[in-house]
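The values are calculated or read from the model by the stated rules, or taken from the named source; none is laboratory data. Please read all numbers here as calculations on a predicted model, not as lab measurements. Neighbour counts run over all protein chains shown; Cβ positions are idealised from the backbone, glycine included.
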């Protein structure tokens, strides 16, 4: 086998509750205002990765998925030689370009142009080789007029643009990309995904970490699911994503209290609870009940929306009151319940996410993404259901033949 990355029994342990052997002046001042009784720290160790075994072939595009704290970023840092493993080994068979965190690999005092050459030097490239790539990097990044400005003055989006342009255009055999792409705007993300497709066609290897399952599905034929520092599944991306969704959905409630405090908006009106009158099923009726609280300052009519996303985070449809009532609704009491009745829920069986939104006079009162998850069950309306990859919508239809 033509393996370019070989990982054997890799583990990484971090201690916690231990103080560093030295303190900065700021730490010393903080000590003066710290009560002795509160300085007792529980000591222990945390295994970010434990006995990881993985082989990645040359030219392969592999996705790393898992929840927060699963160990994805730690694995990429070890592959990038930023940190060392506690035990085990990771063998790399080529030059590595990594895009892990905004600003990683950049010297803040140097200009964008100087950092391009710095990164090329780190990869072992000659100056003339970097010079040949410079114009492509600058054009791709779209920040030409800021190129001779110190990177410390760049916004996070500008740093992301330059970092990806540098990492993807310099001649490295392996490209490691973390969730940092989420910082860029939608247009640049699309541009990056297209570039990664081109890189994979060139026979270069990509390891991609992302919570955007649609991107993982579109780019990666094979993926790895990490959970609590261990590999839960390796295989075709669709199977790994399905396993991840089942794993992550175990602790989710289909109805109940909404974590409204974590929402955006001015929160002069909030949705505190959501429930359904009956279990949602394909082609069946369902009523969404949204219990709300509003402050007396809300006097204008409001519009309420329920966004429905599939498991990969793609928006399928939005149930919005202003479609039927452009002037909005005017709740009279501080407490009440909005109801949205759907005659036929045209979603195939599976798991879906709900997003809630309230606005008044073009002012965002309340917005919370992925507030809760629902499971749509099969219904006798359809004799069979589409498999994964055939779409999420099930339209009421009739078939006949005229011969």
Would you confirm whether or not segment 95-116 contains a residue that is over 24 Å from the mean Cα position of the chain (by Cα) and under 30 Å from residue 228 (Cα atoms)?
yes
Go through segment 324-338 and give me each residue that's surrounded by 10 or more Cβ atoms within 10 Å (Cβ to Cβ) and within 30 Å of residue 376 (Cα to Cα).
325, 328, 329, 335, 336, 337, 338
Tell me which residues, restricted to segment 209-236, are assigned to a helix (DSSP H, G or I) and over 25 Å from residue 51 (Cα atoms).
213, 214, 215, 217, 218, 219
Only one of (1) in contact with a strand residue (DSSP E or B) (Cβ under 9 Å, 6 or more places away or on another chain); (2) in the same structural domain as residue 279 (by TED's automatic domain parsing); (3) within 30 Å of residue 213 (Cβ to Cβ) is not met by residue 335, so which one is it?
(3)
Top-ranked residue in segment 164-176 [being out of contact with any helix residue (DSSP H, G or I) (no Cβ under 7 Å at 6 or more places or on another chain) and modelled with pLDDT of 85 or more; ranked as nearest to residue 131 (Cα to Cα)]:
173
Those residues of segment 322-344 which are assigned to a strand (DSSP E or B) and under 25 Å from residue 268 (Cβ atoms), in sequence order
329, 335, 336, 337, 338, 339, 340
Please verify whether segment 345-359 includes one or more residues that are surrounded by fewer than 12 Cβ atoms within 10 Å (Cβ to Cβ) and either without any contact (Cβ under 8 Å) to a residue 60 or more places away in the chain or part of a loop (DSSP other than H, G, I, E, B) (or both).
no
Taking into account only those residues within segment 148-171 that are over 25 Å from the mean Cα position of the chain (by Cα) and closer than 23 Å to residue 199 by Cβ, which is surrounded by the most Cβ atoms within 10 Å (Cβ to Cβ)?
170
Answer yes if at least one residue in segment 16-33 is at pLDDT 60 or above, touching a strand residue (DSSP E or B) at 6+ places or on another chain (Cβ under 6 Å) and within 13 Å of residue 229 (Cα to Cα), and no otherwise.
no
Test residue 293 against the stated conditions and say whether it is exposed (fewer than 13 other Cβ atoms within 10 Å of the Cβ), outside any loop (DSSP other than H, G, I, E, B) and in the same structural domain as residue 342 (by TED's automatic domain parsing).
no
Could you check, for segment 177-196, whether at least one of its residues is at pLDDT 80 or above, assigned by TED's automatic domain parsing to the domain that holds residue 74, in a strand (DSSP E or B) and crowded, with 19+ Cβ neighbours inside 10 Å?
yes
Residue in segment 201-208 that is in contact (Cβ under 8 Å) with a residue 40 or more places away in the chain, assigned to a helix (DSSP H, G or I) and buried (at least 21 other Cβ atoms within 10 Å of the Cβ) present:
no
